[in-house]
Amino acid sequence: MSTPESQPPSEDAASVSKKAAKKEAAKQEKLRRRQEQEALAAATRSLAVDDEQDPLAANYGDVPLNEIQSKTVEDVSRWTEVGALTNTLENRSVLIRGRAQTIRAVGKNMAFVVVRERGFTVQCVATVQPDTVSRQMVKYVAGLSRESIIDIEGVVSAPSVEIKGTTQQVEVQVRKVYCVSKAAVLPINIEDAARSDAEIEKALQAGEKLVRVNQDTRLNNRVLDLRTPANQGIFRIQSQVGNIFRQFLLSEDFFEIHTPKLIAGSSEGGAAVFRLDYKGQPACLAQSPQLHKQMAICGDFGRVFEIGGVYRAEDSYTHRHLCEFIGLDVEMEIKSHYSEVMDIVGRLFVTIFDTLNKTCEKELEAVGRQYPFEPLKYLPETLRLTFEEGIQMLKDAGVEVDPMGDLNTEVERKLGQLVLEKYGTEFYILHRYPLAVRPFYTMPCHDNHAYSNSFDVFIRGEEIISGAQRVHVPELLAERAQACGIELKTISTYIDAFRYGAPPHGGFGVGLERVVMLFCGLNNIRKTSLFPRDPLRIAP
């Protein structure tokens, strides 16, 4: 028989106990809030006292919102870019803006802050001075959060010893400092994201542990990841590739067009398209500008190019495939032979490579520090091999390959290795592919319809360009489309464009991200896509 003490508490007693607990919790929460308010008030009073006691308080602080709402018009020429800070400016007063990359206090009288602007860095020093810098100001500098955007006014000095860890070999002696935009606690550190694998491995061997930021973490925090020197270099190189592509083609009498990205049917054949509803009609995103750039040729444009978005719905989880990328596309009339298109390809890309090596030395160096790579090997006149010659090289090396099939990634790399060993180039053209592995609009060879007037271009053993002479005869085009399983009604306007007289023509397409990836010897195309879209990622 249980004693009264061992009896379970009654329902009323339990209810009273819960109410008491809630009451006590509410009391503690109220106390906590009051303490926080008192602490905040004390801090505010302390700051006010500091400001009141500091006659130099106007030389530092957070910039009020109304001051950065385009309140006044100022002469922007008074600003100096961090990258322009050299010893030629010694003893001159400058005004700079950048991010507070690192902050370090040295006692109460001195603080260092490294300011970064577009990949360039400079060391700024706040030292207590009677008329310009107070202890409160040094404390303010030391309390800045990393990656905050700050304005600094100061005097340039040139130390006698090398400054390690910054790109600029001068210092700025701080006279005024203002925080324009305060950064919150960072989910990843820029220094961690900027480390090379070699640096991390070396630290491990020495018994130290450095943070390795993986790819998903980088892409989830892409805005921060883009601030690393390597990424600054990658996307400036990418910008240059697009610029050189455009300028070269303009000089060759091409002009730029813009084709629709919403189309009624597949532009490449197959089911790998993003389908959507277009005002009650079925439609899809264009897999390439192929059909419309050919129609532009039929419109007597002669030579055209486009730089624009391309959409592929393949479930490809490889290092070189994306669901959305930037296509560099070309189409041109052919006078007699599809080699005319390959002539343009060869000269275009040699120009791109030459120009990048000449004008992007700093960017390539920044990429190489984090992702070491060997400069691309290429010939002044681009090597061309027929598909059959490539197959023979593989067979001679003991590689079993279908002579009428497409090349997979492994075989492409092996062929690239063989070509490098024999011809000393990592950039070459392979042409006259089997017709069965090419799109429906590819022109068959005149002497053997099992082959086609088509080509692929390779960098470091990976395909970057696919091109060909197109079928411009409507009857043959319809026949080829049906053979590839494409419904004629979905491309009827395309085929009809050739019924009114069409010149022989050809062209090619290349992915901008893939060109940059392979030129820089990078191992993943996501490194060269600003905000990558693959089968698993549609944000940020």
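The values are calculated or read from the model by the stated rules, or taken from the named source; none is laboratory data. Note that the structure is a prediction, hence the values are computed from the model and not measured. So basically every Cβ, Gly included, is an ideal-geometry build from the backbone, and we count neighbours across all protein chains shown. Surface areas here come from the heavy atoms of the whole protein model, side chains and all, with no ligands, DNA or RNA. Shrake-Rupley method; radii C 1.70, N 1.55, O 1.52, S 1.80 Å.
Has segment 481-495 got at least one residue that is closer than 29 Å to ARG320 by Cβ, open to solvent by less than 40 Å² (accessible area, probe 1.4 Å) and at pLDDT 95 or above?
Taking every residue of segment 481-495 in turn, none turns out to be closer than 29 Å to ARG320 by Cβ, open to solvent by less than 40 Å² (accessible area, probe 1.4 Å) and at pLDDT 95 or above.
So which residues in segment 181-219 are open to solvent by less than 30 Å² (accessible area, probe 1.4 Å) and either in a loop (DSSP other than H, G, I, E, B) or touching a residue at least 60 places away in the same chain (Cβ under 8 Å) (or both)?
ALA183, ILE188, ILE190, SER196, VAL213, LEU219
Of all residues in segment 297-317, which are under 21 Å from LEU477 (Cα atoms) and crowded, with 22+ Cβ neighbours inside 10 Å?
ILE297
Is it the case that some residue within segment 441-455 is under 30 Å from ASN524 (Cβ atoms) and either of a type outside the set (S, T, N, Q) or in a helix (DSSP H, G or I) (or both)?
yes
Contact list please: Cβ distance under 6 Å, first residue in segment 381-409 and in contact (Cβ under 8 Å) with a residue 40 or more places away in the chain, second residue in a loop (DSSP other than H, G, I, E, B) and open to solvent by less than 90 Å² (accessible area, probe 1.4 Å), pairs at least six apart or on different chains.
Sorted first by the residue in segment 381-409, then by its partner, the pairs are LEU383/THR425; THR386/ARG432; PHE387/ARG432; PHE387/TYR433.
Any residue at all in segment 42-54 that's more than 21 Å from VAL156 (Cα to Cα), surrounded by 10 or more Cβ atoms within 10 Å (Cβ to Cβ) and modelled with pLDDT of 90 or more?
yes
Please find, within segment 345-390, the residue that is farthest from VAL437 (Cα to Cα) out of those that are open to solvent by 40 Å² or more (accessible area, probe 1.4 Å) and aromatic (Phe, Trp, Tyr).
Ranking the qualifying residues of segment 345-390, first place goes to TYR371.
Are there any pairs with C-beta distances below 6 angstrom linking a residue in segment 138-164 that is open to solvent by less than 10 Å² (accessible area, probe 1.4 Å) to a residue that is among the polar types (S, T, N, Q), with the two at least 6 apart or on different chains, and if so which?
GLY154/GLN173
Going residue by residue through segment 359-382, is there one that turns out to be outside any helix (DSSP H, G or I) and at pLDDT below 95?
No.
Six or more apart or on different chains, Cβ atoms under 7 Å: show the pairs whose first residue is in segment 523-540 and under 21 Å from ALA230 (Cα atoms) and open to solvent by less than 60 Å² (accessible area, probe 1.4 Å) and whose second is modelled with pLDDT of 95 or more and part of a loop (DSSP other than H, G, I, E, B).
ILE525/LEU322; ARG526/PRO532; THR528/LEU522; SER529/LEU322; PRO532/LEU322; ARG533/LEU322; ARG533/CYS323
Being assigned by TED's automatic domain parsing to the domain that holds ASP54, within 30 Å of the chain's Cα centre (by Cα) and among the β-branched types (Val, Ile, Thr) narrows it down to one residue among THR80, THR88, THR132, THR127; which is it?
None of the other options fit; the residue is THR80.
Give me the pairs: first residue in segment 354-371 and in contact (Cβ under 8 Å) with a residue 60 or more places away in the chain and among the charged types (D, E, K, R), second residue assigned to a helix (DSSP H, G or I) and open to solvent by 40 Å² or more (accessible area, probe 1.4 Å), beta-carbon distance under 6 Å, and six or more apart or on different chains, which are they?
That search, which allows pairs on different chains as well, returns GLU363/ARG236.
Might you let me know whether segment 170-180 holds any residue that is more than 27 Å from LEU89 (Cα to Cα), part of a loop (DSSP other than H, G, I, E, B) and either open to solvent by less than 10 Å² (accessible area, probe 1.4 Å) or at pLDDT 95 or above (or both)?
Within segment 170-180 (the criterion being more than 27 Å from LEU89 (Cα to Cα), part of a loop (DSSP other than H, G, I, E, B) and either open to solvent by less than 10 Å² (accessible area, probe 1.4 Å) or at pLDDT 95 or above (or both)), the answer is no, since none of the residues qualifies.
Can you pull out every residue in segment 88-104 that is assigned to a strand (DSSP E or B) and within 20 Å of GLU162 (Cα to Cα)?
GLN101, THR102, ILE103, ARG104 - these are the residues of segment 88-104 that are assigned to a strand (DSSP E or B) and within 20 Å of GLU162 (Cα to Cα).
Only one of VAL114, VAL122 is of a type in the set (A, V, I, L, M, F, W, C), open to solvent by less than 10 Å² (accessible area, probe 1.4 Å) and in contact with a strand residue (DSSP E or B) (Cβ under 9 Å, 6 or more places away or on another chain). Can you tell me which?
On inspection, the qualifying residue turns out to be VAL122.
Give me a count of the residues in segment 407-434 that are open to solvent by less than 20 Å² (accessible area, probe 1.4 Å) and in contact with a strand residue (DSSP E or B) (Cβ under 7 Å, 6 or more places away or on another chain).
10
Would you confirm whether or not segment 125-144 contains a residue that is within 15 Å of GLN169 (Cα to Cα), of a type in the set (Val, Ile, Thr), touching a strand residue (DSSP E or B) at 6+ places or on another chain (Cβ under 7 Å) and modelled with pLDDT of 95 or more?
Yes.
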